[in-house]
Each structure stands twice: as C-alpha cells, then as structure tokens.
Amino acid sequence: MRTAARFLFALLLAPAVWGQTVAVNGTLGDKVLLIVDGDFPKSVALGATHMGVKVVSMQGDTVVVEVAGKKMSLRVGDAPASVGTGAGQQISGSRVVLTAGPGGHFVSEGQINNRVVRFMVDTGATAVSMGVAEAERIGLKYQNGDRVQMSTANGVVQGWRLTLDSVRLGDVMVSGVDAIVSPVSMPYVLLGNSFLGRFQMNRTNDQMVLDRRF
C-alpha cells in the first residue's frame with residue numbers, strides 16, 4: 001500500500017507531457033468559438049481562457065491563442081492544431097498515413113514552426129516550398145535566408161532558401177528542414193524531399209505510409 005501511495009504521489013508531482021488540440025470553429029463579434037480536445041464549441045471572449053486556452057487577439061479569420069505561455073495563430077475552419085500544456089511536451093510519433101484526395105494528390109493539414117499550414121506531398125520538389133504570401137502569413141523571416149535563382153514558366157526569378165525550425169505532419173515532428181520561398185503564388189505548401197527524405201515511403205493504391213528513419 002505504501003509503495004502504491006508513493007507511486008501515485010510521484011504521478012501527481014510529475015510534469016504533464018501530453019498536449020491539447022485546439023480549433024477555431026468561427027467568430028461572433030468579439031468572441032471566438034473554440035473547440036478544445038474535440039469538445040463542443042465554446043464561445044470565448046477576447047482575453048478570456050477556456051480549458052487552459054486563452055484568446056489573445058483576432059483579426060479577420062485568424063485568431064491568436066496562448067497555452068502555457070506559448071502563442072499560436074489559428075485560422076477559422078483549419079484542422080485542430082496540437083498545442084502543449086507544459087515544457088515537457090513530447091511528440092513521439094514515427095508513422096504518418098495519408099489518403100489521396102481528388103486528382104490523386106496527397107493533401108494534409110500540418111504545421112511549420114507551430115503555425116498551421118496545408119501541405120501537398122510533392123516527391124519532385126527538393127525542399128519544402130511555399131509562396132511569399134504563405135511565408136509572411138506564418139511569420140517566416142525568409143528575407144534573412146540565402147538568395148537563390150529559380151526557373152519558372154515566366155523565366156528566372158529570385159527566391160530564398162532557409163531552414164525551418166520544425167515541420168509537423170500528424171504526430172511526427174522533424175527539426176531543421178530546408179525550405180524554399182518563392183515569389184510565385186502557390187495554393188499549397190509543397191512537402192518536398194527535405195522532409196520526405198527523413199522517411200521510408202510506401203504507397204498502396206490511394207494510401208501512402210511514411211515511416212520515420214532513425
């Protein structure tokens with residue numbers, strides 16, 4: 001009994017290592033409809049907190065929330081984003097399973113530097129690639145990167161090469177991923193081989209499985 005009690009006490013004192021999922025279902029005036037951990041939407045006013053998630057600001061369809069002192073931008077209608085509830089948060093997944101959508105493309109929500117983006121798998125792309133508008137939306141300081149020349153249908157243009165702190169797809173997070181920012185408008189962030197090369201890829205019909213290489 002004493003051993004069990006000590007074990008329970010240790011659990012109570014241990015730091016939390018799990019995370020929450022947060023999504024923005026909509027806005028109503030100065031209130032935001034938050035969905036936390038799949039619960040029913042809750043109307044939360046600016047500056048208020050619901051289940052540990054604080055609504056910091058709102059501009060258009062973008063809402064900034066704060067969890068355990070860490071801020072994250074979410075867009076209305078985006079897939080739920082995972083946020084940590086403590087400094088000990090760990091993301092330990094090693095497999096991602098994707099299903100092809102219309103046209104046979106593999107499209108999925110993910111995160112770059114903890115900002116929600118929409119990826120499209122592109123095995124022909126050398127690096128994770130995005131347009132300037134998307135880079136600015138998620139706060140990348142791409143102009144501090146190395147300038148590169150890029151060939152497009154309209155000729156040669158200037159782009160930027162940089163290293164992303166983190167790229168997350170499903171429960172798998174990869175650090176230090178090379179990326180290219182292009183002045184050409186792009187509907188998706190292309191998930192290229194700087195990320196895909198960290199995985200063993202297997203495709204069967206309309207399903208793609210990515211297994212992390214260690």
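The values are calculated or read from the model by the stated rules, or taken from the named source; none is laboratory data. Keep in mind that this is a model prediction, so the values were computed, not measured. Please note: Cβ atoms are built from the backbone with ideal geometry, for glycine as well, and neighbour counts cover all protein chains shown.
Output the number of the condition that residue 89 fails; it satisfies all remaining conditions of (1) assigned to a loop (DSSP other than H, G, I, E, B); (2) modelled with pLDDT of 85 or more; (3) under 27 Å from residue 214 (Cβ atoms).
Failed condition: (2).
Given the criteria over 22 Å from residue 70 (Cβ atoms) and buried (at least 19 other Cβ atoms within 10 Å of the Cβ), does residue 214 qualify?
On the way: over 22 Å from residue 70 (Cβ atoms): yes; buried (at least 19 other Cβ atoms within 10 Å of the Cβ): no.
No; evaluated as a whole, the condition is false for this residue.
Please go through segment 119-152 and give me each residue that is closer than 26 Å to residue 76 by Cβ and part of a strand (DSSP E or B), ordered by number. Even if it seems obvious, please write down each step before you answer.
Start the filter on segment 119-152 by keeping residues that are closer than 26 Å to residue 76 by Cβ, which leaves 119-121, 128-142.
Selection gives 119, 120, 121, 128, 129, 130, 131.
For segment 179-199, state whether one or more residues are closer than 25 Å to residue 70 by Cα and over 17 Å from the mean Cα position of the chain (by Cα).
No; the residues of segment 179-199 include none that is closer than 25 Å to residue 70 by Cα and over 17 Å from the mean Cα position of the chain (by Cα).
Collect the residues in segment 112-159 that are buried (at least 19 other Cβ atoms within 10 Å of the Cβ) and over 21 Å from the mean Cα position of the chain (by Cα), keeping them in residue-number order.
Matches in segment 112-159: 159 only.
If I go through segment 164-186 residue by residue, how many of them are in a strand (DSSP E or B) and acidic (Asp, Glu)? Please lay out each step first, then the result.
Taking segment 164-186 and keeping what is in a strand (DSSP E or B), we get 164-169, 172-182.
From the residues that got through so far, the ones that are acidic (Asp, Glu) too are 165, 178.
Of the residues in segment 164-186, 2 are in a strand (DSSP E or B) and acidic (Asp, Glu).
Please go through segment 187-211 and give me each residue that is buried (at least 17 other Cβ atoms within 10 Å of the Cβ), in contact with a Ser or Thr (Cβ under 9 Å, 6 or more places away or on another chain) and assigned to a loop (DSSP other than H, G, I, E, B), ordered by number.
192
Could you list, in sequence order, all residues of segment 27-45 that are surrounded by fewer than 15 Cβ atoms within 10 Å (Cβ to Cβ) and either of a type outside the set (Asp, Glu) or farther than 26 Å from residue 170 by Cα (or both)?
Start the filter on segment 27-45 by keeping residues that are surrounded by fewer than 15 Cβ atoms within 10 Å (Cβ to Cβ), which leaves 28-30, 37-41, 45.
Those that are surrounded by fewer than 15 Cβ atoms within 10 Å (Cβ to Cβ) and either of a type outside the set (Asp, Glu) or farther than 26 Å from residue 170 by Cα (or both): 28, 29, 30, 38, 40, 41, 45.
Could you tell me whether residue 116 is modelled with pLDDT of 90 or more and assigned to a strand (DSSP E or B)? Explain how you work it out, then say what you get.
Details: modelled with pLDDT of 90 or more: no; assigned to a strand (DSSP E or B): yes.
Criteria not met by residue 116.
Suppose we keep only residues that are modelled with pLDDT under 75 and in a strand (DSSP E or B) within segment 59-86. Which one would you say is nearest to residue 25 (Cα to Cα)? Spell out the reasoning first.
Of all residues in segment 59-86, those modelled with pLDDT under 75 come to 68-69, 79-86.
Filter once more, keeping what is in a strand (DSSP E or B): 81-84.
Numbers: 81: 12, 82: 15, 83: 17, 84: 20 Å.
Of everything passing the filter in segment 59-86, 81 is nearest to residue 25 (Cα to Cα).
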